[in-house]
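Single-structure report; data block below.
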Amino acid sequence: MSQEDANETRHGDSVAGRLSRRTTLFVLGSIAFALASLVLALEFFVVERIPLLTELELEAAKKRWQEHGPVSYEMDIELRGAQPGRVQLSVRNRVVAAETRDGRVPKEHTWETWTVPGMFNTVETDMEIAENPEQTIQAAPGTKWQLRCEFDPKLGIPRRYHRLASGGPEVYWRVTHFEAQ
């Protein structure tokens with residue numbers, strides 16, 4: 001092989017190496033850009049915007065419910081997370097008259113859970129646990145709970161609630177229908 005042929009071979013390898021590196025960097029950059037775009041699109045278009053829960057907001061919502069909440073109402077609730085489903089509830093004079101969960105009647109001792117006061121109890125209990133889940137419920141070290149809730153501005157009903165737990169079950173509900181009777 002002549003010196004000239006050897007130089008051409010080395011030059012060709014060097015160009016191929018540069019193209020290969022450039023192509024690899026371009027592909028990796030494109031993938032990173034696509035992933036970042038996907039995350040931003042999901043965040044903007046899919047993730048529900050529910051405000052972080054505060055003690056002040058909870059107390060104000062409970063007060064609105066006590067002052068303006070009806071004693072009789074019909075309510076439908078969508079559940080997601082660890083135990084997804086649908087709850088339909090009928091309350092008369094502050095007492096549950098009927099409840100179904102996914103078309104079945106659950107045990108009567110559980111009915112109070114999905115009343116508005118029962119939902120407030122759940123939120124309050126979760127707030128206590130969220131302060132220190134490791135100590136309160138013997139959760140794994142490092143477990144954190146983030147609580148988000150949106151309350152009805154007039155009646156105080158917890159319309160949407162989301163408990164995100166690292167290392168634990170997620171809880172989400174959304175009131176899809178509420179009608180005072």
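Selection within segment 136-179: residues that are in a strand (DSSP E or B) and among the acidic types (Asp, Glu). The member of this set that is surrounded by the most Cβ atoms within 10 Å (Cβ to Cβ) is 150. Output the residues belonging to segment 60-86 that are among the aromatic types (Phe, Trp, Tyr) and farther than 15 Å from residue 123 by Cβ. Residue satisfying the conditions is 73 alone. Just to be sure before I move on: is residue 144 more than 23 Å from residue 92 (Cα to Cα) and in the same structural domain as residue 60 (by TED's automatic domain parsing) in the structure I sent? Yes; evaluated as a whole, the condition is true for this residue. Considering only segment 113-128, I want to know if a residue exists there that is small (Gly, Ala, Ser), without any contact (Cβ under 8 Å) to a residue 40 or more places away in the chain and part of a loop (DSSP other than H, G, I, E, B). No, there is no match, as no residue in segment 113-128 is small (Gly, Ala, Ser), without any contact (Cβ under 8 Å) to a residue 40 or more places away in the chain and part of a loop (DSSP other than H, G, I, E, B). The residues listed here are 156, 167; of these, the one that is on the phi > 0 side of the Ramachandran plot and either modelled with pLDDT under 90 or touching a strand residue (DSSP E or B) at 6+ places or on another chain (Cβ under 9 Å) (or both) is 167. Taken as a whole, the condition of being loosely packed, with under 15 Cβ neighbours inside 10 Å and of a type outside the set (Gly, Ala, Ser) does not apply to residue 88.
Among the residues of segment 106-129, which ones are under 20 Å from residue 164 (Cα atoms), touching an Asp or Glu at 6+ places or on another chain (Cβ under 9 Å), surrounded by fewer than 15 Cβ atoms within 10 Å (Cβ to Cβ) and at pLDDT below 95? Result: no residue meets the conditions.
The values are calculated or read from the model by the stated rules, or taken from the named source; none is laboratory data. Remember, it's a predicted structure, so these values are computed and weren't measured experimentally. Positions of Cβ are generated from backbone atoms using ideal geometry, with glycine treated the same way; all protein chains shown enter the neighbour counts.
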